[in-house]
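Report on one structure; see the data block that follows.
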Amino acid sequence: MLFGRTIKNPIKISDKGALEWKYATCGYCSTGCSIEVGLNKEGVAVASRGVADANVNQGKLCLKGIFEHELFDSSGRGLRPKMREQWHQPWENSDWDSALDKVHDEIVRIQKKHGPDSFAIISTGQMLTEEFYTLGKLTRGLIGTNNYDGNTTLCMASAVSGYKRSFCSDGPPGCYDDFEHTDCLIAWGSNLPEQHPIIYWRMKEAQEKRGFPLIVVDPRVTMLAQNAHMHLPITPGTDVVLMNAMMHVILAEGLQDQRYIDANTTGFEALQAEVEKYDPTTAAKICGIDEDRIRVVARLFANAGAAMQIWTMGINQSTHGSDGVVGINNLALLSGNIGKPGGTSLSITGQCNAMGTREWSSCSGLPNYRYLENPQDRQEVAKAWNVDPEFFPKKRGMFQTDIYHAMESGQIKGLWLIATNPLSSLPNSSRVRKAMQGLEFCAVQDCYEDTESAQYAHVYLPAGTWAEKEGVMTNTERRINLVNPISTCPGEARPDLWIFNRMAERFNLDKKVSFPEKAADIFLEMGALSKGRLADISGMTHALIEKNRGIQWPYTDAQLQAGEVPPAGGKRLYTEDGSFRYANGKAKLIPLPFIDNNEVPDEKFPIWLNTGRLIEHWHGRTKTGKIGNNNKYSPIPFIEINPDLAAELGVQAGEYVRMVSRRSDAVAMAQLTQRVPKNMVFLPFHFHDCANRLTLGLLDPHSRQPAYKQSAIRIERIEDQQAAARLSMEMRTF
Ligand SMILES: Nc1nc2c(c(=O)[nH]1)N[C@H]1C(S)=C(S)[C@@H](COP(=O)(O)OP(=O)(O)OC[C@H]3O[C@@H](n4cnc5c(=O)[nH]c(N)nc54)[C@H](O)[C@@H]3O)O[C@H]1N2
Ligand SMILES: Nc1nc2c(c(=O)[nH]1)N[C@H]1C(S)=C(S)[C@@H](COP(=O)(O)OP(=O)(O)OC[C@H]3O[C@@H](n4cnc5c(=O)[nH]c(N)nc54)[C@H](O)[C@@H]3O)O[C@H]1N2
Ligand code: SF4
Ligand SMILES: [Mo]
């Protein structure tokens, strides 16, 4: 018998008629791929391709980047500003002046009536850096609410907090080039092949060349786990116990790098005393990893010439998120693996410009990692912006997750949402819904008008997206790359920068503060503010960035003047002899006692609910749900469920099931797979009104990031499959 095709037709790539190619950086994930968009003779975007001489992606793109040009004319784009008196009334078309006046007047009214901090502004990791900077200037310098934060609290807050605790500063020390030098890689809670496909390709190429061991810690058999030498299917939320046990073994067997520890760290004795309690036999009972395996991994890691750790949401999104990051840093410091090629602790960031917002948005402080708490920082920024330093708050305001609680309690009355969709992305969405319904005023600024959160808006501001705008983004390895305007905004939609500048005019009547119109000029202003700081970008310009296909910070004016070539893929933040930002130049080793404070399965809710992502979709699918070649892979909500559990529940493959948590319920199709253990299901959070109906999202005490990955549910068989199918079809649209 013959299998497959007997005659092979040559693959034909249809000619899309692209005549001109324009340079940008992909606007989905934080990998930061350089991309070119092809325009046909009418100037319409018809194709996307990777840029061959870009260090990051070397000509490659993933499934999202390759169809990114289709975003420009996708359905649901906002074409006109809209307004209404009450959120439940029908929208009325408006014009820019009226809509912006309304937002301005409501901010002023609410601040006057209830105090400056009663109006909150929530931003994102998905705009361009010049836009973040401008919004920060407007918010901190003119509007003056302290309750200004970003969706990065849902994402990178634990990494930021952990880096600050260990090294006294945010800023990932490593880069992709470290894969080329490492002798051992541990990936904690990261599904690299699906969520950062091109970083995965870089890692895989390096690994195939040099064969270093890959150890994956994830309760699920992800694609990365399938490709690992060792998979550690950890009990959810217990990574810190495994880390402590590994440190126990390292210290008990004298495998630590004592010279490095003595020269570059403080706190060794306290850490030693704490990890003493975590012998592998005891730890194995909590974290579910066999004691001998813990020993093997600890030895492999500590004995490697250079050892590297990466992590993503499996660590950050936990009640021990910040501790997990500190634990990773502890392991790196004990073994002298910071700042050397292949030896690093590299947080893989999430959104395309999650780094840019950390550096420049002023959400948690002031530009370029300056602190509101530091008088000198306040003074410097006030001088540069020509505002009164006393106008700045003396400490940071609420985190995004706390802002919602303050909306519930009535402390916050007004909200301006920019490029984030909390009704889909915050945990326990029925609480979020209620909080939004209770607002006196809400403005939503989004490139799509059909988002869940826009349901509760009084004003809708239609924004441009991605390469309808101009500016830079920073990727996971601190590389700043350029987005050129390739298409114009549809209808009357305008770039976010334009919207901020027009809003600034309304708060800046005496024109005291300058708000440049051009992104390239704003970038130069930022460069001047960055001189001598950790993230010094004073040597960069937009033109130089495009020429180099991205430049990693720091790149200083002095380096430029000295003719030093911009860093092209090997730049590390700290040197092998420390140089950390604490006053004594040393990093901190911090003991991490484990307290089991998660929601865990019990008799009534016996199944772990693990939520996360798929390669083809982006978050709430406002973008990928509209692109056929992305959407077709998973158009409806589904769960990964173990066949043994399905059999016990009497559920067949392809049937719909009802999931019930203490918060609410949701319906999804059962996909039977051994990827998850019998006591866990995995539910992608991309679908409308689904995963976050169920999640509890307890907050990490340091970072205020929600534990999206650990909730308890029960699963019920549904008799009426047709009704469930109809419901599930509704969840695919919004
Ligand atoms: N295609 C696509 N790519 C994306 C995104 C997207 O929406 N779609 N989003 C981007 C963004 S913003 C982010 S933040 C990143 C996220 O990237 P990732 O963090 O890699 O993706 P997730 O699927 O959220 O979670 C990763 C893994 O954490 C595991 N996990 C769950 N609980 C635990 C635990 O207790 N311990 C450990 N060690 N692991 C656990 C899950 O099983 C899951 O496989 O992806 C970015 N890239
Ligand atoms: N259950 C569960 N929930 C999660 C997670 C999880 O793993 N599990 N992960 C969390 C994480 S890591 C993240 S990052 C969040 C993401 O949460 P959100 O930020 O809510 O996710 P997005 O859907 O990306 O929202 C971005 C919004 O901005 C719009 N937008 C895109 N580009 C532009 C632009 O240029 N300008 C403007 N004005 N609008 C734009 C999009 O249309 C979209 O509505 O979700 C979190 N929620
Ligand atoms: S890996 Fe990330 S940056 Fe690269 S093409 Fe895919 S989504 Fe875009
Ligand atoms: Mo994220």
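Read the figures in this text as sums done on the coordinates, not as results from a lab. None of these values were measured; they are calculated from a predicted model. Note that each Cβ is placed from the backbone with ideal geometry, even for glycine, and that neighbours are counted across all protein chains shown.
For the stretch 60-112, the Cα-based Rg and Dmax, in that order, read 17.3, 52 Å. The spacing between the stretch 510-569 and the stretch 409-465, judged by their C-alpha centroids, is 34 Å.
Each residue of the stretch 174-187 was assigned a 3J(HN,Hα) from its phi angle through the Karplus expression (A = 6.51, B = -1.76, C = 1.60, θ = phi - 60°), giving x, 7, 4, 4, 4, 4, 6, 10, 7, 10, 6, 10, 10, 10 Hz with x at Gly and Pro. In whole angstrom, the chain maps to an equivalent ellipsoid with semi-axes of 36, 32, 28, each derived as √(5λ) from the alpha carbon gyration tensor and ordered largest first. Relative contact order for the stretch 625-707: 31 percent, from Cα pairs under 8 Å spaced at least 6 residues apart, divided by residue count. Simple point charges give the picture: +1 on the Cβ of Lys and Arg, -1 on the Cβ of Asp and Glu, and for the chain a dipole about the Cα centre of about 400 debye. A Cα-only calculation for the stretch 140-207 places Rg and Dmax at 16.5, 51 Å. Taking θ as phi - 60° and the Karplus parameters 6.51, -1.76 and 1.60, the scalar couplings of the stretch 365-372 work out to x, 10, x, 6, 6, 8, 9, 5 Hz in sequence order, x denoting glycine and proline.
Sorting 218-228, 116-126, 155-165 by average packing, meaning the other beta carbons within 10 Å per residue, from highest down gives 155-165, 116-126, 218-228. Residue-wise HN-Hα couplings along the stretch 536-552, as the Karplus relation 6.51 cos²θ - 1.76 cosθ + 1.60 with θ = phi - 60° gives them from phi, are 7, 10, 5, x, 9, 9, 3, 5, 5, 5, 5, 4, 8, 6, x, 10, 7 Hz; Gly and Pro carry x. When you count the other C-beta atoms within 10 angstrom of each residue and take the mean per peptide, 520-532, 613-625 line up highest first as 613-625, 520-532.
Straight-line cross-link partners of residue 12 among the lysines, defined as a Cα under 23 Å from its Cα and at least 8 positions apart when in the same chain: 41, 60, 64, 632.
The modelled label-to-label distance between residue 725 and residue 253, using points 7 Å beyond Cα along the C-beta direction, is 5.6 nm. In percent, rounded to a whole number, the relative contact order of the chain is 19, using alpha-carbon pairs under 8 Å and six or more apart.
Ranking 267, 367, 633 by how far each Cα lies toward the positive end of the dipole of the chain (charges on Cβ) leaves 633 at the top.
Residue 100 sits among other residues whose Cβ lies under 14 Å from its own Cβ, and their net charge, with Lys and Arg +1 and Asp and Glu -1, is -2. Starting from the Cα of residue 40, step 7 Å toward the Cβ, then list every residue of the stretch 58-85 with an amide N under 19 Å from that point. Residues 66-75 qualify, since their backbone N sits under 19 Å from the label point. Extents of the stretch 20-73, taken as max minus min of Cα coordinates on every principal axis and listed largest first, are 31, 21, 14 Å. Note on residue 340: lysines with a C-alpha under 21 Å away, same-chain residues under 8 apart excluded, are 164, 204, 209, 571, 586, 588. Its alpha carbons give the stretch 20-175 an Rg and a Dmax of 20.4, 56 Å.
Taking each residue as 0.36 nm, the span from residue 279 to residue 488 lengthens on full extension beyond its C-alpha to C-alpha distance by 69.2 nm.
A simple spin-label model places pseudo-atoms 7 Å from Cα toward Cβ; at residue 9 and residue 88 they are separated by 5.6 nm.
In a fully extended conformation the segment linking residue 109 and residue 16 would gain 28.2 nm over its present Cα-Cα distance, using 0.36 nm per residue.
Within straight-line reach of residue 511, meaning a Cα separation under 16 Å, sit the following aspartates and glutamates at least 8 residues removed in sequence or on another chain: 388.
Within the shell of other residues whose beta carbon sits under 10 angstrom from the beta carbon of residue 382, the net charge comes to -1, with Lys and Arg scored +1 and Asp and Glu -1.
What GluC sites (Glu not before Pro) does the stretch 337-391 have in DSSP loop regions with at most 16 other beta carbons within 10 Å? Those satisfying the criteria are 373. Here r is the Cβ-Cβ distance between residue 518 and residue 450 and R0 is 41 Å; the resulting FRET efficiency, rounded to 0.05, is 0.85.
Length available on full extension from residue 374 to residue 507: 0.36 nm per residue minus the Cα-Cα distance, which gives 45.3 nm. A dipole drawn for the stretch 59-162 from +1 and -1 charges on Cβ atoms has a positive end, and of 91, 78, 143 the residue lying farthest that way is 143. In this calculation the C-beta distance from residue 600 to residue 658 is compared with R0 = 22 Å, giving a FRET efficiency of 0.55. Normalised by 2.2 N^0.38 Å, where N is the number of residues, the C-alpha radius of gyration of the stretch 607-732 stands at 1.03.
Packing, taken as the mean count of other beta carbons within 10 Å per residue, orders the peptides 472-479, 339-346, 282-289 from highest to lowest as 472-479, 339-346, 282-289.
Globularity index of the stretch 173-347 is 0.95 (Cα radius of gyration / 2.2 N^0.38 Å, N = number of residues). Restricting the stretch 19-114 to trypsin sites (Lys or Arg not before Pro) that sit in a DSSP loop and have at most 12 other Cβ atoms within 10 Å of their own Cβ leaves 41. What does the charge count near residue 180 come to, summing +1 for each Lys or Arg and -1 for each Asp or Glu among other residues with Cβ under 14 Å from its Cβ? Local net charge: +1.
Scanning residues 5 or more positions from residue 344 or on other chains, those with amide H under 5 Å from its amide H are 307, 308, 309, with H placed 1.01 Å from N in the peptide plane. Projected label points at residue 644 and residue 560, each 7 Å from Cα along the beta carbon direction, are separated by 6.1 nanometres.
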